[in-house]
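Asker: Next up is a structure, given as structure tokens.
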Amino acid sequence: MKYQEQRAIAQQGVQKINKDLTIDDYLDSLSQQGIYASDINQIKVLLRKEFEQKYGKQFEPYLLNGQEEQLAQVFPDLAPSTIELVKKFQITEIQTMGQRSVVKMMKEGRKEEEIVKALENSFFTSENILAEVDHYIKHNVKISGQEKQNYIVMGWLLIVIAGAVLAAQPYLQWGSRRTLFLVITLFITGAYNLAKSRMTKAAIEGN
């Protein structure tokens, strides 16, 4: 069955499904008509998407205002299982939009308190928001302050030590190859610490 045929059947389902005919009931009727299971699975996906797009935004005010119990009264033509399906979808949408808004506001340079005040709701709490802020900082903001300074100091210190070891090589008891290995190791480690001072925390941790 072609995609357009599957979508047409899904759209027909939106018109037929009501309080007494659930999505599963409709899909069972398709099976009885001899439609292949693989087509029914795809129709199921399309059908759910149709309901989510049609009712999701209508559900949102009731969800955000803590009035979920009113959904059955406001949408009497929907079976409880259909209401639950759309409700779960829209809650996920609220959380996803909240995550995107955090990124947008962080790019705008907004403060944490301002972001929490603007975005906090029952499904995207202050804890969720602050976790997203931390995630954004970790992956997008280069380290600063004392952490940055520590890497700079350590980096230059190791490079200076490498230079001192190289200069003292004629007076050392071990061989030149051993000295060269130590110098290279110190220099590379020092240079890497300097590079870390310009990285994000995620890059430093390898995440």
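The values are calculated or read from the model by the stated rules, or taken from the named source; none is laboratory data. Everything numeric in this text was worked out from a predicted model, so none of it was measured. Note that each Cβ is placed from the backbone with ideal geometry, even for glycine, and that neighbours are counted across all protein chains shown. SASA here: full protein model, heavy atoms, side chains in, ligands and nucleic acids out. Shrake-Rupley method; radii C 1.70, N 1.55, O 1.52, S 1.80 Å.
Asker: Can you spot a residue in segment 155-166 that is modelled with pLDDT under 90, farther than 20 Å from Gly206 by Cβ and assigned to a helix (DSSP H, G or I)? Working first, answer last.
Answerer: Keep residues of segment 155-166 that are modelled with pLDDT under 90, which gives 165-166.
Among the residues that remain, those that are also farther than 20 Å from Gly206 by Cβ are: 165-166.
Add one more test, that the residue is assigned to a helix (DSSP H, G or I), and what stays is 165-166.
The answer is yes, given that some residue of segment 155-166 is modelled with pLDDT under 90, farther than 20 Å from Gly206 by Cβ and assigned to a helix (DSSP H, G or I).
Asker: For Lys142, are the conditions met, namely being under 18 Å from Ala195 (Cβ atoms), touching a strand residue (DSSP E or B) at 6+ places or on another chain (Cβ under 6 Å) and not small (Gly, Ala, Ser)?
Answerer: yes
Asker: Identify, please: which residue in segment 190-203 is farther than 15 Å from His135 by Cβ and touching a Lys or Arg at 6+ places or on another chain (Cβ under 7 Å) and is, among those, least open to solvent (accessible area, probe 1.4 Å)?
Answerer: So in segment 190-203, the residues farther than 15 Å from His135 by Cβ come out as 190-199.
Filter once more, so that each one left must be touching a Lys or Arg at 6+ places or on another chain (Cβ under 7 Å): 197-199.
On the way: Ser197: 7, Arg198: 157, Met199: 48 Å².
Per the criteria, the residue is Ser197.
Asker: Here's a follow-up. I'm trying to understand the selection: among the residues of segment 112-126, which are within 19 Å of Asn140 (Cβ to Cβ) and either surrounded by fewer than 15 Cβ atoms within 10 Å (Cβ to Cβ) or out of contact with any Gly (no Cβ under 8 Å at 6 or more places or on another chain) (or both)?
Answerer: Within segment 112-126, the subset within 19 Å of Asn140 (Cβ to Cβ) is 112, 114-116, 119.
Glu112, Glu114, Ile115, Val116 - these are the residues of segment 112-126 that are within 19 Å of Asn140 (Cβ to Cβ) and either surrounded by fewer than 15 Cβ atoms within 10 Å (Cβ to Cβ) or out of contact with any Gly (no Cβ under 8 Å at 6 or more places or on another chain) (or both).
Asker: So, one more: What is the residue count in segment 167-189 for residues that are open to solvent by 90 Å² or more (accessible area, probe 1.4 Å) and assigned to a helix (DSSP H, G or I)?
Answerer: Restricting attention to segment 167-189, the residues satisfying the condition of being open to solvent by 90 Å² or more (accessible area, probe 1.4 Å) are 170-171, 173-174, 177-178, 180-181, 187-188.
Remaining after also requiring assigned to a helix (DSSP H, G or I): 170-171, 177-178, 180-181, 187-188.
Residues flagged as open to solvent by 90 Å² or more (accessible area, probe 1.4 Å) and assigned to a helix (DSSP H, G or I) within segment 167-189 amount to 8.
Asker: On the basis of being hydroxyl-bearing (Ser, Thr, Tyr) and surrounded by 12 or more Cβ atoms within 10 Å (Cβ to Cβ), does Tyr151 make the cut? Spell out the reasoning first.
Answerer: Details: hydroxyl-bearing (Ser, Thr, Tyr): yes; surrounded by 12 or more Cβ atoms within 10 Å (Cβ to Cβ): yes.
When the stated conditions are applied, Tyr151 passes them.
Asker: Looking only at residues in segment 19-34 that are part of a loop (DSSP other than H, G, I, E, B) and open to solvent by less than 90 Å² (accessible area, probe 1.4 Å), which one is nearest to Gln4 (Cα to Cα)? First the steps, then the outcome.
Answerer: Going residue by residue through segment 19-34, those that are part of a loop (DSSP other than H, G, I, E, B) are 19-22, 33-34.
With the extra rule that they be open to solvent by less than 90 Å² (accessible area, probe 1.4 Å), the set shrinks to 21-22, 34.
Numbers: Leu21: 24, Thr22: 23, Gly34: 18 Å.
My answer is Gly34.
Asker: For segment 101-125, how many residues meet the condition of being of a type in the set (Ser, Thr, Tyr) and over 16 Å from the mean Cα position of the chain (by Cα)?
Answerer: Residues of segment 101-125 of a type in the set (Ser, Thr, Tyr): 101, 122, 125.
If we keep only those that are over 16 Å from the mean Cα position of the chain (by Cα) as well, we get 122.
Residues that pass the stated criteria total 1.
Asker: Same structure again: Would you be able to tell me the number of residues in segment 68-111 that are surrounded by 13 or more Cβ atoms within 10 Å (Cβ to Cβ), farther than 21 Å from Ile23 by Cβ and not aliphatic (A, V, I, L, M)?
Answerer: Here the count works out to 5.
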